[in-house]
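Heads up: the structure comes next, in structure tokens.
The values are calculated or read from the model by the stated rules, or taken from the named source; none is laboratory data. Given the structure is predicted, the values throughout are model-derived calculations rather than measurements. Heads up, the Cβs are rebuilt from the backbone with ideal geometry, glycines too, and the neighbour counts pull from every protein chain shown. Areas reflect the complete protein model, heavy atoms only, side chains present, ligands, DNA and RNA absent. Shrake-Rupley method; radii C 1.70, N 1.55, O 1.52, S 1.80 Å.
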Amino acid sequence: MIESIKTVLTEQLGPFGPLLAVGILGMFLILLTLPILLKKNVDPLDKLKDQARSATLPTDKSKMLRSSSKKDKLEKYSNFLEPQDAEEFSAIKLKLVQAGYRSKNAVRTFYFIQFALGSTLLLIGIAAALFQTATGDPSTNMILLTILGPGLVGYYLPKYWITKRLQERQEQIVNGFPDSLDMMLVCVEAGQSMDQSIIRVSKEIRAGFPALADEYEMVAHEMKAGKDRVSVLRDMSERAGVADVSSFVTVLIQSATFGTSVAEALRVYAAEMRDKRVMRAEEKANTLPTKMTLATMMLTVPPLLIILIGPSIYEIAKTLSAANF
């Protein structure tokens, strides 16, 4: 019976028909068993805690609406979608925060998108491989590339997106940071406090640098909530992931610790940031000739050779053809 099935699969799908059938069957079995494996049983202690919490909730509708929250649909798959290692979880969470995704379920959503996109493209690759096998006789390497290629692309595409978003956001923070320091210095010298200066700067630079404005606004909200200023500034440097912001936070912390003037510290550091921005522009300008060398050689030298040597080659070819006749 097995040999007959193998013969039918080979006739219908080609020499790799049995292998493809086993792969498809394995994928369907995995998809069928995933809900059973990911099903999260409710702990009886959690039930008791929920009952006690519901008993102590106020009866006022406004307070009940304020305290209630929509249950996350991916929560029961958290053991599968989230890393169980605390260090790995903290690293991916910090990367998502630096990329601008600050929601509580950002890590879970990221891994869900990665799993769903990879599985979907893998199934599309299997379907494409089946179509190629039915319509032609592709090689083994071509079938494996058709199956695994889309799956790998779907798996690594979210990582590439997060990395690209993080780089763009950090570049935006670096470009707008010197201007924000100048605005902050003007506000402080005008008599405003540091908290008021940060709020004003976040409003003024939002049109040009929204990522940096979000960071300043987060700092202002945390300070209003009563959080320690040193902790707020350190959290800002960690969220930004930029060396200039970390140095700025260190300057402000040292200024507050030693009791020096904040305005003087801002003036010195703002001048340093302006100098660094000019140095970055000069560095890019100095590397431009090196980058243009290859393009210049490819686009200028071949036409020049054609113009200079072309007539001579034409005359030589014409002379040789005449001599042969």
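Does Lys203 fit the bill of being open to solvent by 70 Å² or more (accessible area, probe 1.4 Å) and part of a loop (DSSP other than H, G, I, E, B)?
On the way: open to solvent by 70 Å² or more (accessible area, probe 1.4 Å): yes; part of a loop (DSSP other than H, G, I, E, B): no.
Answer is no for this residue.
From the list Ala225, Ala220, Ala270, exactly one residue is open to solvent by 70 Å² or more (accessible area, probe 1.4 Å) and either farther than 30 Å from Glu168 by Cα or not basic (Lys, Arg) (or both). Which is it?
Step by step, each of Ala225, Ala220, Ala270 is checked, and only Ala225 is open to solvent by 70 Å² or more (accessible area, probe 1.4 Å) and either farther than 30 Å from Glu168 by Cα or not basic (Lys, Arg) (or both).
Identify the residue in segment 189-200 that is open to solvent by 30 Å² or more (accessible area, probe 1.4 Å) and of a type in the set (A, V, I, L, M) and, among all such residues, is nearest to Lys95 (Cα to Cα).
Kept after step one, since they are open to solvent by 30 Å² or more (accessible area, probe 1.4 Å), are these residues of segment 189-200: 189-193, 195-196, 199-200.
From the residues that got through so far, the ones that are of a type in the set (A, V, I, L, M) too are 190, 199.
Working: Ala190: 37, Ile199: 26 Å.
So, considering only residues that are open to solvent by 30 Å² or more (accessible area, probe 1.4 Å) and of a type in the set (A, V, I, L, M), the one nearest to Lys95 (Cα to Cα) is Ile199.
Return yes when Val301 is of a type in the set (A, V, I, L, M), in a helix (DSSP H, G or I) and open to solvent by less than 70 Å² (accessible area, probe 1.4 Å) and no when it is not. So Val301 passes the test. Using beta carbons and a limit of 9 Å, which pairs, at least six apart or on different chains, have the first residue in segment 107-119 and in contact (Cβ under 8 Å) with a residue 24 or more places away in the chain and among the charged types (D, E, K, R) and the second one open to solvent by 30 Å² or more (accessible area, probe 1.4 Å) and in a helix (DSSP H, G or I)? Going by the 9 Å Cβ cut-off, the qualifying pairs are Arg108/Glu75; Arg108/Tyr77. Note on segment 228-247: residues that are in contact (Cβ under 8 Å) with a residue 24 or more places away in the chain and either buried (at least 17 other Cβ atoms within 10 Å of the Cβ) or over 30 Å from the mean Cα position of the chain (by Cα) (or both) total 6.
Scanning segment 133-187 for residues that are more than 30 Å from Phe248 (Cα to Cα), open to solvent by 50 Å² or more (accessible area, probe 1.4 Å), without any contact (Cβ under 8 Å) to a residue 40 or more places away in the chain and in a helix (DSSP H, G or I) yields Thr135, Asn141, Met142, Leu144, Leu145, Leu148, Leu152, Val153, Tyr156. Need the failing condition index for Val262 against (1) within 32 Å of the chain's Cα centre (by Cα); (2) in contact (Cβ under 8 Å) with a residue 12 or more places away in the chain, just the number. Here Val262 clears every test but (1). In the set Glu215, Glu222, only one residue is part of a helix (DSSP H, G or I) and under 24 Å from the mean Cα position of the chain (by Cα); that residue is Glu215. Please verify whether Tyr101 is assigned to a loop (DSSP other than H, G, I, E, B), surrounded by 15 or more Cβ atoms within 10 Å (Cβ to Cβ) and at negative phi, treating the condition exactly as stated. Here the answer is yes, as Tyr101 does meet what is asked. Here the condition is being modelled with pLDDT of 85 or more, in a helix (DSSP H, G or I), surrounded by fewer than 17 Cβ atoms within 10 Å (Cβ to Cβ) and out of contact with any Gly (no Cβ under 9 Å at 6 or more places or on another chain); of Thr296, Thr250, Thr257, it holds for Thr250 alone.
Working only within segment 175-205, note down all residues that are of a type outside the set (Asp, Glu) and within 23 Å of Val278 (Cα to Cα). If you could, list the steps in order and put the result at the bottom.
The initial filter retains those residues of segment 175-205 that are of a type outside the set (Asp, Glu), namely 175-178, 180-181, 183-188, 190-194, 196-203, 205.
Once the filter is applied, which keeps residues that are of a type outside the set (Asp, Glu) and within 23 Å of Val278 (Cα to Cα), segment 175-205 yields Asn175, Gly176, Phe177, Pro178, Ser180, Leu181, Met183, Met184, Leu185, Val186, Val201, Ile205.
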